[in-house]
Amino acid sequence: MKHLYDKYRFLFLRRVTQMGLLMLYMTGSYWGWTFLTGNLSSSSILGLIPLSDPYAVLQMVAAGAVLSTNLLIGAAIIVLFYMVIGGRAFCSWVCPVNMITDAANYLRRAFDFDKIQKKQPASRHIRYWIIGLSLMISSAFGVAAFEFISPVSMVHRGIIFGLGFGWAAMLVIFLFDLFVLKNGWCGHICPIGGCYSLIGRFSIFRVHHNEAHCTLCMKCKVVCPESQVLHMIGKTSIAVLSGECTNCGRCVEVCDDDALEFSIRKLLEASTSQPLKENIS
Amino acid sequence: MSNRLPKKERKMRKQPVSDRRAFLLSAARAVGLAAMGGLVWSAYVDEVRASELLLRPPGALKEEEFLRTCIKCGMCVEACPYDTLMLAKPGDQKPLGTPYFIPRDIPCYMCTDIPCVPVCPSGALDMESVSTDDVLDINRADMGLAVIDHESCIAFWGIQCDACYRACPLLDVAITVEYEKNARTGKHAFLKPVVHADACTGCGLCEHACVTEKAAIFVLPREVAMGRAGTHYIKGWDTKDEQRLEGASSKTTTTEISKKSAVDSLNDVGDLY
């Protein structure tokens, strides 16, 4: 039990959060409860507090829409929230597609696909290109372009309002991540994640690495969906500062040596460059 | 300097491809991929935007503005007590995630408190457009316009049916029944329903009530259902319409006709032979 708790506590909490939020949204749709209405594009808590997807709002700006104050406040709340707890916490704690891509990732490891396809042929910057492209298409056609093709909204809306052919989007993402590209959707393509990466650059809540405890087993890098952010493992004792870290906490869980932990970012970084060497015998 | 070496020797030495070339290649590849993706993406967006045969909730902005402003949150759908409104799903062939309704299945029941409109966070459903003196007034809604197919409407055959007339929430205003002599029998009357575009809200209760197998009265978006006479037609008998003439100026154009070339053309018989 203790072992299970130690190794899967964040994973468990993440699934509870993801499912719980979906359930709350569903009570809004099926039973008319007002605790959480709408969907991930825009929602409302108790009909009072607006929440809006900042990336969708950005596309609407590009499309030339007149923004209501409701949307602006909603987007501001979301941006501020994720600036504190880590931008891509959305990806690993809220987004329903995360469960699909995590499943694909798990199978990838279980079947040793990663050992066959060692090099991933795509850049992790594709997502930022797609943000740029979506804003261009939005302004050219006067509609929020990514919102028409977003598998994330398709899946989330599908679960709450009826799926239609949305299952095809889920399947394609699953197969793509399983066979074509490791962490393909969430780690390379999804511009929503890209947007939250940019927001998350300034976030306060971070994973910290303590190099003195590290035994270089690299379990953290194997399990990390954005392993490039863990470049400091076994090298320096610093925080994971990249906005692309999803704060999923998997690295913290799998580490057997207490070399990784969540902490508050030291806003005035100064003393982190000195590794604590004395513990190594 | 290496360029100065004899050709043979130059070939022998395997020179690494310059960083600049690698950079240019990767940049060109990125641009190419972006262009290809952008093309497919724009084509899809353009295609999906063009679907015009769908009915929006009350208070919706004009279609173009609506598509730009709606954030696809579905709060109007959740607010609708009759499950009239739906969000377009993949496979519905409608702009994905936007709300619409199919009146033949479930029409808009015209709630007086219009619960779907005030919940809209983006303003795509505009409260002002369905209010009179700042009080919500569903009768101002303009979701579409009911159109009657005279061929399949059995009232036009001479069979008595006033299902749509009775179902209309603006009874005897948006749909009236006009009497006309049935010349075929000589002793009966047609009771023909007539829709009045200035009052019809497009709620679709008539379409829902229509007794024929496929509804003979149905709601279409106003843009689709109506023609346009153009600004140059003015109703001379309508004082309000005639006011459009105030301040109008006329312009006469004169074109000089060359007599000579006309006569020459008549006298030129060359083409006849």
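The values are calculated or read from the model by the stated rules, or taken from the named source; none is laboratory data. What you see is a predicted model; the values in this text were computed from it and never measured. Using ideal geometry, Cβ is built from the backbone for each residue, glycine included, and neighbour counts are taken over all protein chains shown. Just the protein is used for accessible areas: all its heavy atoms, side chains included, with ligands, DNA and RNA removed. Shrake-Rupley method; radii C 1.70, N 1.55, O 1.52, S 1.80 Å.
What the table shows:
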read-out: Residue with peak Gaussian network fluctuation, chain B [Cα springs, cutoff 10 Å], from B:ALA262, B:ALA225, B:ALA215; value: B:ALA262
read-out: Cysteines (scope chain B) whose Cβ has no counterpart Cys Cβ under 4.7 Å; value: B:CYS70, B:CYS73, B:CYS80, B:CYS111, B:CYS120, B:CYS153, B:CYS161, B:CYS168, B:CYS200, B:CYS210
read-out: Test item: B:88-95 mean partner chain Cβ contacts at 10 Å; value: 5
read-out: Residue pairs, from the table B:LYS62/B:LYS240; A:LYS115/A:LYS219; A:LYS182/B:LYS89; A:LYS182/B:LYS72; A:LYS7/A:LYS219, whose Cα atoms sit over 22 Å apart; value: B:LYS62/B:LYS240; A:LYS182/B:LYS89; A:LYS182/B:LYS72
read-out: Counting DSSP beta bridges with both ends in the stretch B:135-258, the antiparallel % (nearest 5); value: 90 percent
read-out: Chain B, accessible surface, carbon-and-sulfur percent (1.4 angstrom probe); value: 54 percent
read-out: Long-range HN-HN contacts of B:VAL147 with modeled amide H, under 5 Å; value: B:PHE218, B:VAL219, B:LEU220
read-out: Coarse-grained scattering of the stretch A:2-199 at q = 0.14, 0.19 Å⁻¹, given as base-10 log I(q)/I(0) from a Debye sum over alpha-carbon atoms; value: -0.89, -1.54
read-out: Interface residues, the stretch B:32-47 - accessible area loss of 30 Å² or more versus chain alone, probe 1.4 Å; value: B:ALA34, B:TRP41, B:SER42, B:TYR44, B:VAL45
read-out: Length-normalised contact order for chain A - Cα pairs under 8 Å, 6+ apart - percent; value: 21 percent
read-out: For chain A, size of Cβ-based charge dipole, Lys and Arg +1, Asp and Glu -1, in debye; value: 320 debye
read-out: At q = 0.07, 0.11, 0.13 Å⁻¹, base-10 log of I(q)/I(0) for the protein assembly as shown (Debye sum, equal scatterers on each alpha carbon); value: -0.59, -1.05, -1.30
read-out: Selected from A:HIS231, A:HIS156, A:LEU80, residue furthest toward positive end of dipole (chain A; charges at beta carbon); value: A:HIS231
read-out: Between 0 and 90°, nearest 10: helix A:191-200 axis offset from chain A longest Cα axis; value: 60 degrees
read-out: 1.4 Å probe accessible area per residue over chain B, in Å²; value: 67 Å²
read-out: For chain B: Kirkwood Rh in Å [reciprocal of mean 1/r, alpha carbons]; value: 24.9 Å
read-out: For chain A, built as a Gaussian network whose Cα springs stay under 10 Å, the top-fluctuating residue of A:TYR25, A:TYR82, A:TYR106; value: A:TYR106
read-out: Heavy-atom accessible area, 1.4 Å probe, ligands and nucleic acids excluded: residues of the stretch A:48-85 down by at least 50 Å² from chain alone; value: A:MET60
read-out: The stretch A:126-248: projected area of the alpha-carbon convex hull, averaged over directions, in nm²; value: 9.5 nm²
read-out: Lys, Arg +1 and Asp, Glu -1 on Cβ, resulting dipole of the protein assembly as shown about Cα centre, debye, nearest 20; value: 3660 debye
read-out: C-alpha long axis of helix A:151-161 to longest principal axis of chain A, angle in °; value: 60 degrees
read-out: Shielding score for A:36-47, defined as the mean number of other chain Cβ atoms within 10 Å; value: 5
read-out: Among B:ASP241, B:ASP149, B:ASP172, residue whose mean-square fluctuation peaks in a GNM of chain B (springs only between Cα atoms under 10 Å); value: B:ASP241
read-out: Delta accessible area of at least 50 Å² on complex formation, residues of the stretch A:102-140, 1.4 Å probe, chain isolated as reference; value: A:TRP129, A:LEU133, A:ILE137
read-out: Backbone N under 13 Å from the B:ALA50 label point (7 Å along Cα→Cβ), restricted to the stretch A:124-162; value: none
read-out: About the Cα centre, charge dipole magnitude for the stretch B:154-273 (Lys/Arg +1, Asp/Glu -1 at Cβ), debye; value: 320 debye
read-out: Listed residues A:VAL172, B:GLY32, B:CYS153: farthest to the positive end of the dipole of the protein assembly as shown (Cβ charges); value: B:GLY32
read-out: Percent carbon-and-sulfur accessible area, the stretch A:2-199, ignoring ligands, DNA and RNA, probe 1.4 Å; value: 77 percent
read-out: Interface area, B with A, accessible, probe 1.4 Å, both sides summed, Å² nearest 100; value: 3000 Å²
read-out: Using alpha-carbon coordinates, inclination of helix A:54-63 to the longest axis of chain A, degrees; value: 50 degrees
read-out: Partnerless cysteines, meaning none of the other Cys C-beta atoms lie under 4.7 Å away, in chain A; value: A:CYS91, A:CYS95, A:CYS186, A:CYS190, A:CYS195, A:CYS214, A:CYS217, A:CYS224, A:CYS245, A:CYS248, A:CYS255
read-out: Signed unit charges on C-beta, dipole axis of the stretch A:1-108, positive-most listed residue A:GLY20, A:PRO50, A:LEU67; value: A:GLY20
read-out: Principal axis dimensions, the stretch B:144-227 - Cα atoms, whole angstrom, descending; value: 39, 25, 25
read-out: Estimated FRET transfer efficiency (B:GLU246, B:ASP198; beta-carbon r; R0 25 Å; 0.05); value: 0.60
read-out: Per residue accessible area of the stretch A:49-192, 1.4 Å probe, in Å²; value: 40 Å²
